[in-house]
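The structure appears right after this line, and notes come after that.
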Amino acid sequence: MTELLLKWFIKDYRDTARPSVREKYGRLAGTVGIISNVFLFIIKIIAGTLFRSISITADAVNNISDAGSSVITMIGFKISGKPADKEHPYGHERAEYITGFIISVIILLLGLELVKSSFIKILNPEPIIFSYLTAVILFIAILVKFWQGTFNRTLGKRINSTALIATSQDSMNDAMSTSAVLIAAVFSWITGINIDGYMGIAVALFIIYSGLKLISETLNPLIGLAPDPELVEELEKKILAYEGVLGIHDLQVHSYGPEKKYAAVHVEVSAKEDILESHDLIDTIEKDVLQDLNIHLVIHMDPIVTDDELTNSLRSQVTEIVRNIDPSLSMHDFRLVVGKTHSNLIFDVVIPAEYHGREEEIRDEIQNEIFKINPNYFCVITFDRNYISNY
């Protein structure tokens, strides 16, 4: 069904990296959401009124709010599909995250409102009039909501959209909520015990939990997350595969939307190579990464000495010293400046993001180990932060 709808309404639906295609995905998801939720609202409000069920009525109100969320989703995708402009040179794709956050807040507020109405129902219970028509209506609603959830999740995964993932979770919450309503109605019909309000509170608590979780997931990309480890590994492997690349470091990846990524990296090349040839290599890597991975890459070229025996030996020893202090540390940009009375070992040490205030401690440990090699060797260390992974 999902594949059929995509083929009908989105001609180039496989080209999900294009902003215009992503916008069409959002428009399709929003349209389906509006139509299906209005349908559910109508049948549930009739059933809730006829059979005096607060949980069914609350479910109906939830559906009409879901239709409103679908409108928000469409607006969010419309904004995110706008091209870059003077005020927003990196485009507008982050609007999707804002849309997902708004939907998450709506989920949370609905959960809180359901707690209130369910508690009132517990204090002032009313007999539920059960009928087979009620069961049929609720069962149809469960099927529709479950389909909504899978439909939005499929679309969300295809275009990597937090907004559609949030909408999918909202639909799954509704399927659970309606299932609880149906169970309460059947239980009351069989036993005569009204558990409508209690089931409402149980479902509300789950909805609140889902809302809080989704708020966190949609805010994190706006605050700034470490890049996907698989993406980092793929990017590193691609760069290192080029002949002439001796190593890389200081990799940073920035996301300005699900499909808009920028990266910067230092690439080590031999200092013996012709600078024009090395520059041509760097240009080739940047172009290939944009074409193959859709990442706008900027490379800083670092020439390193490879034919000096003392420099190579000290580089290996310092690398081992740094690694022995903490395996999460790494060293790069090693240079040796030899003097008459002393020599400077100049290099950078990469430390994890959470290593606040430990630079001097690490510096002293490294220097003490260097003195064991030669008391006339002095370290000149620059500390860099690791922006691509968590330890």
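Please treat every number below as a calculation from the coordinates, not as lab data. A quick note: this is a predicted structure, and the numbers were derived from the prediction, not measured. Counting neighbours? That spans all protein chains shown, and the Cβs are built from the backbone with ideal geometry, glycine included.
When the dipole is taken about the Cα centre of the chain, and only Lys, Arg (+1) and Asp, Glu (-1) are charged at their Cβ, what size is it in debye, to the nearest 20?
2460 debye
Going by how many other Cβ atoms sit within 10 Å of their own, how do Glu359, Glu259, Glu243 line up, fewest first?
Ordered from fewest to most neighbouring Cβ atoms within 10 Å, Glu359, Glu259, Glu243 come out as Glu243, Glu359, Glu259.
Return the subset of Lys145/Lys260; Lys78/Lys213; Lys237/Lys261; Lys7/Lys260 for which the Cα-Cα distance in this structure is over 28 Å, preserving the input order.
Lys145/Lys260
List, in order, the whole-Hz ³J(HN,Hα) value for each residue of the range 181-196 obtained from phi through the Karplus relation with A = 6.51, B = -1.76, C = 1.60 and θ = phi - 60°; use x for Gly and Pro.
Those phi angles translate into 4, 5, 4, 5, 5, 5, 4, 5, 5, 7, 9, x, 9, 8, 10, 4 Hz.
Could you grab the Rg to Rh ratio for the chain? Cα atoms only, Kirkwood for Rh. It would help to have the intermediate numbers written out before the result.
Details: Rg = 29.4 Å, Rh = 25.1 Å.
Radius of gyration relative to Kirkwood radius: 1.17.
Based only on the alpha carbon positions, what is the Kirkwood hydrodynamic radius of the range 308-391, in angstrom?
Values: mean 1/r = 0.0758 Å⁻¹.
Over the range 308-391, the inverse of the mean reciprocal pair distance is 13.2 Å.
Efficiency by 1/(1 + (r/R0)^6): what FRET value for Ile275 and Asn374, r their Cβ-Cβ distance, R0 = 45 Å, to the nearest 0.05? Each step should come with its number before you reach the end.
Numbers: r = 33 Å, r/R0 = 0.72.
Once rounded, the FRET efficiency stands at 0.85.
Within 10 Å, count the other beta carbons around each residue, average over each peptide in 333-346, 178-191, and list them highest first.
So the peptides 333-346, 178-191, ranked by packing, come out 178-191, 333-346.
How about the range 1-97: which trypsin sites (Lys or Arg not before Pro) there lie in a loop by DSSP and see at most 13 other Cβ atoms within 10 Å?
Details: sites: Lys7, Lys11, Arg14, Arg22, Lys24, Arg27, Lys44, Arg52, Lys78, Lys86, Arg94; in loops: Lys11, Arg14, Arg52, Lys86, Arg94.
Listed in order of number, the matching sites are Lys11, Arg14, Arg52, Lys86.
What residues qualify as long-range amide H neighbours of Ile295, i.e. H under 5 Å apart, gap of 5 or more or another chain, H built at 1.01 Å from N?
Answer set, sorted by chain and number: Leu290.
Scan around Asp384 for amide H atoms under 5 Å from its own, H built in the peptide plane at 1.01 Å from N, and keep only partners 5 or more places away or cross-chain.
So Asp384 has HN proximity to Val349, Val350, Ile351.
List the pair-distance distribution P(r) of the range 287-336, using every Cα-Cα distance, as the percent of pairs falling in each 10 Å bin from 0 up to the bin containing the longest distance, rounded to whole percents.
For the range 287-336, the pair-distance distribution reads 21, 31, 27, 21, 0.
How much length is gained if the chain between Asn344 and Gln317 is pulled fully straight, taking 0.36 nm per residue apart and subtracting their Cα-Cα distance, in nm to one decimal? Walk me through the numbers before you get to the answer.
Details: separation 27, 0.36 × 27 = 9.72 nm, distance 1.46 nm.
Value of the extension gain: 8.3 nm.
Pick out, from Ile35, Ile321, Gly192, the residue whose Cα sits farthest towards the positive end of the charge dipole of the chain, with +1 on the Cβ of Lys and Arg and -1 on the Cβ of Asp and Glu.
Gly192
Using Cβ contacts closer than 10 Å as the measure, can you line up Met301, Met331, Met199, Met1 from fewest to most? Write out the running numbers ahead of the final one.
Values: Met301 13, Met331 19, Met199 23, Met1 9.
If I rank by nearby Cβ atoms, fewest first, I get Met1, Met301, Met331, Met199.
Rounded if a/c is under 1.5, else prolate if a/b beats b/c, else oblate: with a ≥ b ≥ c from the C-alpha gyration tensor eigenvalues square-rooted, which is the range 1-73?
Taking the square roots of the gyration eigenvalues as a ≥ b ≥ c, the range 1-73 is prolate.
Need one number: nm distance between label points at Glu359 and Glu236, each 7 Å from Cα along Cα→Cβ, rounded to one decimal.
2.4 nm
If each residue's Cβ is checked for other Cβ atoms within 10 Å, how do Trp147, Trp8 rank with the fewest at the top?
Ascending number of Cβ neighbours within 10 Å: Trp8, Trp147.
Would you mind computing, in nm to one decimal, how far apart the modelled labels at Tyr90 and Thr150 are, each placed 7 Å from Cα along Cα→Cβ?
3.8 nm
Mind running the shape call on the range 141-211? Use the C-alpha gyration tensor, a ≥ b ≥ c as the square roots of the eigenvalues: rounded below 1.5 for a/c, prolate if a/b tops b/c, oblate otherwise.
Oblate, since a/c reaches 1.5 and b/c is not below a/b.
Specify the inter-centroid distance of the range 90-130 and the range 341-391, based on alpha-carbon positions, in whole Å.
The distance from the Cα centre of the range 90-130 to that of the range 341-391 comes to 51 Å.
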